[in-house]
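See below for the structure under consideration.
The values are calculated or read from the model by the stated rules, or taken from the named source; none is laboratory data. What you see is a predicted model, and the numbers here were worked out from it, not measured in a lab. Cβ coordinates were reconstructed from backbone atoms using ideal geometry, including for glycine residues, and neighbour counts include every protein chain displayed.
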């Protein structure tokens, strides 16, 4: 019963933290945008340039101006830029190669987790169809499914962190922040904890059934 209550509390905590995180992300993005816009207004010119510098790109700097120029009037209009897609050539360093190797390893582990998840789920369906519901093996399958989902969620965050680290190695952005454009859905984590709760329900039901059989 204690483990069941702990998992339920953990699930509620995860849901609360996810809501707080979403509100924080929205507030931070708004505040950061407001600050950058205010700084831009204070400048003498509305023109804003961003330099992508990776080992000087073999001695050449690349600039992406945030303005549109009218060739007839020679006027410039500030367009703003919230997202930048880049493509560049670079010579891999030792640090960069280590991150690449780590990413490949994590991706292989993630694929294994997904395959294992499907395999256990199919076995669970077959076992339930045979009427083996209140069984220890059924409980273990629910438990494994739950933990695999939690591990999968953690691996998604790890892959995102690796991509973020690689971007910081490759790019040096003036007046720009490199931020996580997206994050893994918390539903995978909630589903994993939910399956662990279901597993505890099955454990309690099996124990109650065994106690009733002993009483009879």
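Taking the criterion of being at pLDDT 80 or above and surrounded by fewer than 15 Cβ atoms within 10 Å (Cβ to Cβ), the only residue of the range 165-187 that qualifies is 187.
Residue 22 meets each of the listed conditions (1) out of contact with any helix residue (DSSP H, G or I) (no Cβ under 6 Å at 6 or more places or on another chain); (2) under 30 Å from residue 150 (Cα atoms); (3) modelled with pLDDT of 70 or more apart from (3). Which one is farthest from the chain's Cα centre (by Cα) among residues in the range 91-126 that are surrounded by fewer than 13 Cβ atoms within 10 Å (Cβ to Cβ) and at pLDDT below 70? Filtering the range 91-126 for residues that are surrounded by fewer than 13 Cβ atoms within 10 Å (Cβ to Cβ) and at pLDDT below 70, the one farthest from the chain's Cα centre (by Cα) comes out as 91.
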